[in-house]
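The values are calculated or read from the model by the stated rules, or taken from the named source; none is laboratory data. What you see is a predicted model; the values in this text were computed from it and never measured. Neighbour counts are summed over all protein chains in view; Cβ atoms, including those assigned to glycine, are modelled from backbone coordinates with ideal geometry. Keep in mind that these areas ignore ligands, DNA and RNA; they rest on the heavy atoms of the full protein, side chains included. Shrake-Rupley method; radii C 1.70, N 1.55, O 1.52, S 1.80 Å.
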Protein chains: 2
Amino acid sequence: MDLEQISEILTRLEQHETRAARTLNMVPSENSMSALAKLPMLLDLHHRYFFNDGAEDEPWEFRGVQELSSLETELARPLLRELAGAEFVNVRALSGLNLMTLTLSALGGPPGSTVMLLSRAQGGHYATASVAARLGLKVCYATGPDAHTVDETQLAETLRAHQPGLVYIDQSNALFPLGVEPLARAVQREAPNALLHIDASHWMGLVLGRQLPNPLAEGAHSFGGSTHKTFPGPQKAIFATNRRELFERFRATQQYMVSSHHFGATVSLALALLEFKHCRGEQYAAQVVLNTRCFGAALDRLGLELDGKERGFSAGHQLWVRTRASGVDAFTASQRLFDAGIRTNAYPSLPGIPEPVLRVGLNEPTYHGLMADDMEELAGLFVAAILQTQPTEQLAGRVAALRARYRFPYRFPSDDPKLLEQAMRLVRLALTQPVE
Amino acid sequence: MDLEQISEILTRLEQHETRAARTLNMVPSENSMSALAKLPMLLDLHHRYFFNDGAEDEPWEFRGVQELSSLETELARPLLRELAGAEFVNVRALSGLNLMTLTLSALGGPPGSTVMLLSRAQGGHYATASVAARLGLKVCYATGPDAHTVDETQLAETLRAHQPGLVYIDQSNALFPLGVEPLARAVQREAPNALLHIDASHWMGLVLGRQLPNPLAEGAHSFGGSTHKTFPGPQKAIFATNRRELFERFRATQQYMVSSHHFGATVSLALALLEFKHCRGEQYAAQVVLNTRCFGAALDRLGLELDGKERGFSAGHQLWVRTRASGVDAFTASQRLFDAGIRTNAYPSLPGIPEPVLRVGLNEPTYHGLMADDMEELAGLFVAAILQTQPTEQLAGRVAALRARYRFPYRFPSDDPKLLEQAMRLVRLALTQPVE
């Protein structure tokens, strides 16, 4: 074929990668991750299946990575058990929504059963009710007086009246994490046969980094979520519980809903967990929350309108910025920020907000290394971009400089000469497969 | 952290990659793919979401890869439309089972509806009935007198009696593809309101490579499947139809069952489709079928017992080898082959076979470049490994030499100096993110 075409595509990818390295990504549901930890996806192992689950006496039907499977059983799982404070974990779901489907399937009861979800007005995920309905589950909701609160009376009455088999709480548009402990107490009191599962996708890095209470310690029967929002890992998802019976139910469902569990991503997850444990993941998590609060306060001082001001703007990684009062529609603001090298979410609506809004996350800038002291400067750039008070190109240069101030403080040092040489050798091997 | 630990893991990955480059992988449900086409998974784009679907006027909520999204809309989709002979395609499912869940959800009707599946005794996939049941669907089966045949009378009677809304045919343990045309005729005659969907996961490379009839041309309403079995692509899946209404139903379901569609894998798929079109994918597909038949005949001449002998052993990529008559259990045979550098599937059972059996695929050896002339030699190595008539190490050396005889004939030449340099520069950029 004409090699020009593939070469041009590689050039386009290179241009995007170069731009990305000059960008601050402030999308709460995204994160970057260790480049070294992504290497497994480039290798032969990426293509290989297996169904074995770590039992010594289980015969190997698919043998492609039997020699590497311990990277799941003896690295990913023990690390996750430790970080998640759980006796039983499963790392085979492919994504957050895949995990949601598995969890509702495994724990939600047969078609016709009732599950309780968090209302979207209280930050529940957009897809959960549709997935539940498609599984034949009936749905009731926990609701509340505002975007950040569940009404305890309504919760108790609904639990009592509907007696759901599963309460699935998936706060995803959220400034303040719902306390799991009062939820667990209500479930235990009003619907004692119900299971309580926390979908902590958005909070995962903060939970594993011990900035938020562990849902299992607070009384949830299980928790899980994707590994690429506040947790700086691959597109994957995890399930954790201390109850063997729930683990086995989940595992039985996973076996028919996920066959190839994308072992390349599993090994990436193992490396990301290792990195999180050894490269100051807890400090990263604490810094996310601190940076978020500081950035919210700085935006507020500069005159932007933010939700949750009375409670300190956020107790996690998200901020919700209303730009209309500043005379700029959120979608326009998002475009201007993008042009200046800052990626945010423009949302048509968020709970309790009657206008398009910017959903902003400090998780990835924090992962790049930004500290509380940088938030004032970042807020200045952010506001200048929205209000166009400085030339875009100049702003973009300052954003790039701010990002370049730090070098992967929570990563394996992939620019360490020895590691880099080893990584490059591995990549060259994958690309050329020389045979001695 | 201690860099030794990560360095040791990289060494382990390198050792595996080196071994893999000396291996012939003969697992029918796996394939390798272009190393260049895997590069996107290493980049910033891997971490980014979007929900946009290519409409010009749709505002961008998630902007991370808006500048690259045309690699889906203007590269992957048109290529797939062309190769799949379909007006409408969707490339957002994450895996074959994820696609199966989406398809049954979108086309199977609400809970309580009936779907017809291919019985496992006729090669149907192990998971389909469980997924359908979990979606609240009632299941009836197409069955037949042997592993390779659907009984037309039984099919007609069952269609007439059950009037399924969807007939989902997913032949996965199969030597001979079922003809779609007679299935479509029966469905049209006996259950004219039913949709016919073909899950062509195992056959995908042979369908896109025009070695098997296109299911849509034969009367199926839609088809789809994973892209990493006979098709040498990423862990992903595709859906194709000529009916706008079915495309829209699929799309509506996909929107709540898959949010992040793993854009890195989507770009990999785009590159794999480009490569398949321009690097003689049709010739690869023809060679798979030829190699499979030749390898079957060669094993037969050397005294192994294979199914389907009366029909030429196979009309696709799979062979089923019974080893017990040669005095070796299939799991032992699989271990001995593995030790000699040949990966196969040992299956506890396959349709119509009352003993463990080796399921063997010629797809990946063909992708490496092996030709019909090599099949005699490969069969000799295969049998010698099973019967241990030559020292294992010597066999492994000969397997590696056989593989090394060819250099990626159906790939972008990733060892072309200019492309390799460009690829390595891109990887170094991802690993070090230098800022000018």
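General remarks:
- Residues located in the stretch B:294-325, provided they are in a helix (DSSP H, G or I), at pLDDT 95 or above and either surrounded by 20 or more Cβ atoms within 10 Å (Cβ to Cβ) or not basic (K, R) (or both): B:C294, B:F295, B:G296, B:A297, B:A298, B:L299, B:D300, B:E310
- The one condition in (1) open to solvent by less than 10 Å² (accessible area, probe 1.4 Å); (2) within 28 Å of B:A76 (Cα to Cα); (3) in a helix (DSSP H, G or I); (4) touching a residue at least 12 places away in the same chain (Cβ under 8 Å) that A:M33 fails to fulfil: (3)
- Filtered residue count, the stretch B:215-235, keeping only those that are outside any loop (DSSP other than H, G, I, E, B) and among the hydroxyl-bearing types (S, T, Y): 2
- Consider the stretch B:379-396 and keep the residues that are open to solvent by 10 Å² or more (accessible area, probe 1.4 Å) and assigned to a helix (DSSP H, G or I). The one that is nearest to B:H368 (Cα to Cα) is B:A396.
- Taken over the stretch B:254-264, residues that are open to solvent by 10 Å² or more (accessible area, probe 1.4 Å) and under 16 Å from B:V89 (Cβ atoms) amount to 1.
- Which listed residue is free of Cβ contacts under 8 Å to residues at least 40 places away in the same chain and either in contact with a helix residue (DSSP H, G or I) (Cβ under 7 Å, 6 or more places away or on another chain) or not charged (D, E, K, R) (or both), from B:V207, B:V187, B:V180: B:V187
- Total residues in the stretch A:236-246 satisfying the condition of being open to solvent by less than 10 Å² (accessible area, probe 1.4 Å) and assigned to a loop (DSSP other than H, G, I, E, B): the figure is 1.
- Within the stretch A:258-281, residues that are within 9 Å of another protein chain (Cβ to nearest Cβ) have Cβ atoms under 7 Å from residues that are small (G, A, S) and surrounded by fewer than 24 Cβ atoms within 10 Å (Cβ to Cβ) in these pairs: A:S259/B:A127, counting only partners at least 6 apart in sequence or on another chain.
- Which listed residue, of B:L196, B:L175, B:L155, B:L212, is touching a strand residue (DSSP E or B) at 6+ places or on another chain (Cβ under 6 Å), hydrophobic (A, V, I, L, M, F, W, C), outside the structural domain of B:N363 (by TED's automatic domain parsing) and in a loop (DSSP other than H, G, I, E, B): B:L175
- Residues satisfying the stated conditions in the stretch A:112-152, i.e. within 24 Å of B:P110 (Cα to Cα), in contact with a helix residue (DSSP H, G or I) (Cβ under 6 Å, 6 or more places away or on another chain) and either outside the structural domain of A:P192 (by TED's automatic domain parsing) or of a type outside the set (S, T, Y) (or both): A:V115, A:L117, A:A127, A:V131, A:A132, A:R134, A:L135, A:V139, A:C140
- Any hit, the stretch A:16-25, residues being open to solvent by less than 10 Å² (accessible area, probe 1.4 Å), of a type outside the set (S, T, Y), more than 9 Å from chain B (Cβ to nearest Cβ) and under 19 Å from the mean Cα position of the chain (by Cα): yes
- Selection status of A:D53, open to solvent by 10 Å² or more (accessible area, probe 1.4 Å) and touching a residue at least 60 places away in the same chain (Cβ under 8 Å): yes
- Members of the stretch A:338-373 found to be free of Cβ contacts under 8 Å to residues at least 60 places away in the same chain and outside any strand (DSSP E or B), listed by number: A:F338, A:D339, A:A340, A:P348, A:S349, A:P354, A:E355, A:P356, A:G369, A:D373
- Cβ-Cβ contacts under 9 Å between residues 6 or more apart (or on different chains), taken from a first residue in the stretch A:398-425 that is within 7 Å of chain B (Cβ to nearest Cβ) to a second residue that is open to solvent by 10 Å² or more (accessible area, probe 1.4 Å) and β-branched (V, I, T), are listed as A:A400/A:T23; A:A400/B:V435; A:A404/B:V435; A:S414/B:T432; A:D415/B:T432; A:L420/B:T432; A:Q422/B:T11.
- Checked against the criteria, B:V399 does not count as within 20 Å of the chain's Cα centre (by Cα), among the β-branched types (V, I, T) and either assigned by TED's automatic domain parsing to the domain that holds B:G209 or not in a loop (DSSP other than H, G, I, E, B) (or both).
- Residues considered: A:F231, A:F250, A:F239, A:F295. Of these, the only one that is in contact (Cβ under 8 Å) with a residue 12 or more places away in the chain, of a type in the set (F, W, Y) and over 21 Å from A:N98 (Cα atoms) is A:F295.
- Filter result for B:G165 (open to solvent by 10 Å² or more (accessible area, probe 1.4 Å), of a type in the set (G, A, S), outside the structural domain of B:R359 (by TED's automatic domain parsing) and within 20 Å of B:P145 (Cβ to Cβ)): no
- Looking only at the stretch A:86-123, and only at residues there that are closer than 18 Å to A:L183 by Cα, part of a loop (DSSP other than H, G, I, E, B) and away from chain B (no Cβ under 14 Å), the one that is most open to solvent (accessible area, probe 1.4 Å): A:S119
- Residues that are more than 12 Å from chain B (Cβ to nearest Cβ) and touching a Leu at 6+ places or on another chain (Cβ under 8 Å) within the stretch A:344-373 comprise A:V360, A:L362, A:P365, A:L370, A:A372, listed in sequence order.
- Picking from residues in the stretch A:74-85 that are within 14 Å of chain B (Cβ to nearest Cβ) and surrounded by fewer than 24 Cβ atoms within 10 Å (Cβ to Cβ), the one that is farthest from A:K229 (Cα to Cα) is A:E74.
- Just one of (1) open to solvent by 10 Å² or more (accessible area, probe 1.4 Å); (2) touching a helix residue (DSSP H, G or I) at 6+ places or on another chain (Cβ under 9 Å); (3) of a type outside the set (A, V, I, L, M) fails for B:P192. It is (2).
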